[in-house]
């Protein structure tokens, strides 16, 4: 490919509506073009990278035995109604009607569609296991699309689904896909972690997220540098930081703390560590009657140490809160505790509440908590002496850096990450809802055991740039760069020698299998170099008349490489050798 025949349009200025680095750089590099909020044109440079990602995905999935299919973008409402998700998906799912007033969905995902395929096509255990996947456009009507391709409305996604005869076989399919995903992200060349995760709205009971490590990531990833332990912050176990409760050594004193609502303010005012305070959070669970109206409400007082934060997902696993909860209103809090938030505590509330203490709080003694009286806190509070033992003790807090690792092999650290892949074990959630069965070896019908496996193809572009950039532009991993190398011909319009030698080097690289572009635009060297640095092409060979007189061309790696000088043939050989080395194993944890 020659630059004079290729289309790209670089910008010097950062677009005003771009918020994160990847969005800014993709717009400046002419890779994407905004059409509407969260909807973009993918220009030639971006599409080249997308196709390379897709090729890697197909290669590894096909090798793992998955079969590519293509399901419709527009799916009938009846399929979604069978599982109840027609209503549960909410406004994120784009609904539309055809000329006959029949309801359809523009697919946000395809569990229903693929389960319909399975119940019609897979009749016997002899046809199992099966694993179908597609790389297809999806649409989710995000309330607030932002960050370019990171959280757009229309995007490209690989979604795959496995069908097995029992849980044991489904577990094996899960492991095969988990390994395939590792191979995919290793080949793409991103630093990532595979972390245990919650299954979310899709459902199931086993799940891993593949997170690209980036400071701008929305997700917090908890891991142990000395072991393989890694989990999403929502799922990471937080062990008790106090091994056993000490005996009470201080009297219970109601202490004035005027205008001190936050634990940190109370600790500073009293001159004590924040770790001696207890934070109170009040949740409410509602029971509904047959008409869907609130019949009764239970208030829950959740207690975490003052330096810790409540993990709402963990709270949702507690019996009594599993059906759903909300934060209590101020009126409900005043009714039950007799004062406004900021001074709440577990000692003698006005009305009964259910008390849930985090593991660490359950082992605290002589702690500080709200006195249920505005402007006052108790000091020297102790379980059993001053208040009943907590009704429930559970892990309800976020893990923090420095916590002991749940596997006992060190302490935890936290990175930021961008989710680019997710694998779920679904069980029979969808097959049972849609009555998708096969005849097992005993001749009896059984529901399929399913797995679900997704990769955000276009999101990988944004995540790769968030992880790999500098002040000059993008730093693509070679495997997914729009071009692996560029030959910059300095003085193309003035020197036949430059034209001939640049074209010869370009053809030699092409014949060696390098994805290379020849910059024959006759631009100034500074313009050419800044364009390709912005675009992020990993390697550059510069051919100029002055260098050719000395028998050399210049080699420059986009990331961290010094400028080297080679004879033309040696430059080609050196570059080919760099690109064809086995890919290094990126840092990763499971």
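Would you pick out the residues in region 10-20 that are in contact with a helix residue (DSSP H, G or I) (Cβ under 6 Å, 6 or more places away or on another chain) and in contact (Cβ under 8 Å) with a residue 24 or more places away in the chain?
10, 18
One residue stands out among those in region 75-112 that are more than 26 Å from the chain's Cα centre (by Cα) and part of a helix (DSSP H, G or I): the one that is surrounded by the most Cβ atoms within 10 Å (Cβ to Cβ), which is 79. Filtering region 469-483 to residues that are surrounded by fewer than 22 Cβ atoms within 10 Å (Cβ to Cβ) and in a loop (DSSP other than H, G, I, E, B) leaves 471, 472, 475, 477. All of 485, 508, 433, 479 fail the test of being more than 32 Å from the chain's Cα centre (by Cα) and touching a residue at least 12 places away in the same chain (Cβ under 8 Å), apart from 508.
The combined condition, being farther than 25 Å from residue 49 by Cα and touching a strand residue (DSSP E or B) at 6+ places or on another chain (Cβ under 8 Å), is fulfilled by residue 498. May I ask you to verify whether residue 7 is part of a loop (DSSP other than H, G, I, E, B) and touching a residue at least 24 places away in the same chain (Cβ under 8 Å)? Against the criterion (part of a loop (DSSP other than H, G, I, E, B) and touching a residue at least 24 places away in the same chain (Cβ under 8 Å)), residue 7 qualifies. Of the numbered criteria (1) under 25 Å from the mean Cα position of the chain (by Cα); (2) under 29 Å from residue 134 (Cβ atoms); (3) free of Cβ contacts under 8 Å to residues at least 24 places away in the same chain; (4) not in a strand (DSSP E or B), the one residue 33 fails is (4). If you take the residues in region 169-222 that are in contact with a helix residue (DSSP H, G or I) (Cβ under 8 Å, 6 or more places away or on another chain) and at positive phi, which one is modelled with the lowest pLDDT? That would be 203. Of the numbered criteria (1) assigned to a helix (DSSP H, G or I); (2) touching a strand residue (DSSP E or B) at 6+ places or on another chain (Cβ under 9 Å); (3) surrounded by fewer than 18 Cβ atoms within 10 Å (Cβ to Cβ), the one residue 46 fails is (3). Annotation note: Cβ proximity below 8 Å between a residue of region 60-74 that is in contact (Cβ under 8 Å) with a residue 24 or more places away in the chain and a residue that is assigned to a loop (DSSP other than H, G, I, E, B) and surrounded by 17 or more Cβ atoms within 10 Å (Cβ to Cβ) (sequence gap 6+ or interchain) occurs for 71/107; 71/110; 72/107; 73/107; 74/107. Here residue 425 fulfils each of the conditions (1) in contact with a helix residue (DSSP H, G or I) (Cβ under 6 Å, 6 or more places away or on another chain); (2) modelled with pLDDT of 95 or more apart from (2). The listed residues are 448, 539, and the only one of them that is within 30 Å of the chain's Cα centre (by Cα) and farther than 26 Å from residue 192 by Cβ turns out to be 448.
Listed here are the residues, each with its yes/no results for (1) touching a strand residue (DSSP E or B) at 6+ places or on another chain (Cβ under 9 Å); (2) part of a loop (DSSP other than H, G, I, E, B); (3) buried (at least 21 other Cβ atoms within 10 Å of the Cβ).
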{"site": "379", "(1), (2), (3)": "yes, no, yes"}
{"site": "385", "(1), (2), (3)": "no, yes, no"}
{"site": "393", "(1), (2), (3)": "yes, no, no"}
{"site": "401", "(1), (2), (3)": "yes, yes, no"}
{"site": "408", "(1), (2), (3)": "no, yes, no"}
{"site": "415", "(1), (2), (3)": "yes, no, no"}
{"site": "424", "(1), (2), (3)": "yes, no, yes"}
{"site": "430", "(1), (2), (3)": "yes, no, yes"}
{"site": "442", "(1), (2), (3)": "no, yes, no"}
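Conditions tested, residue by residue: (1) modelled with pLDDT of 95 or more; (2) in contact with a helix residue (DSSP H, G or I) (Cβ under 7 Å, 6 or more places away or on another chain); (3) farther than 22 Å from residue 395 by Cβ; (4) buried (at least 18 other Cβ atoms within 10 Å of the Cβ).
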position: 275; (1), (2), (3), (4): yes, no, no, no
position: 291; (1), (2), (3), (4): no, no, yes, no
position: 296; (1), (2), (3), (4): no, no, yes, no
position: 304; (1), (2), (3), (4): yes, yes, no, yes
position: 313; (1), (2), (3), (4): no, no, no, no
position: 316; (1), (2), (3), (4): no, no, no, no
position: 320; (1), (2), (3), (4): no, no, no, no
position: 334; (1), (2), (3), (4): yes, no, yes, no
position: 341; (1), (2), (3), (4): no, yes, yes, no
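Being without any contact (Cβ under 8 Å) to a residue 12 or more places away in the chain and within 26 Å of the chain's Cα centre (by Cα) is the requirement here; does residue 402 meet it? Yes; evaluated as a whole, the condition is true for this residue. In the set (1) in the same structural domain as residue 31 (by TED's automatic domain parsing); (2) over 30 Å from residue 123 (Cα atoms); (3) in a loop (DSSP other than H, G, I, E, B), residue 458 fails one condition alone, (3).
If I filter region 7-22 for residues that are at pLDDT below 95, in contact with a strand residue (DSSP E or B) (Cβ under 7 Å, 6 or more places away or on another chain) and assigned by TED's automatic domain parsing to the domain that holds residue 182, do I get at least one hit? The answer is yes; a qualifying residue exists.
Beta carbons closer than 8 Å, at least 6 apart along the sequence or on distinct chains, never pair a first residue in region 39-59 that is free of Cβ contacts under 8 Å to residues at least 12 places away in the same chain and in the same structural domain as residue 176 (by TED's automatic domain parsing) with a second that is surrounded by fewer than 19 Cβ atoms within 10 Å (Cβ to Cβ) and part of a helix (DSSP H, G or I). So which residues in region 359-377 are closer than 23 Å to residue 332 by Cα and buried (at least 24 other Cβ atoms within 10 Å of the Cβ)? Answer for region 359-377, where residues must be closer than 23 Å to residue 332 by Cα and buried (at least 24 other Cβ atoms within 10 Å of the Cβ): 369, 370, 371, 377.
The values are calculated or read from the model by the stated rules, or taken from the named source; none is laboratory data. This is a predicted model, so every value here is computed, not measured. Cβ atoms come from the backbone with ideal geometry, glycine included; neighbour counts cover every protein chain shown.
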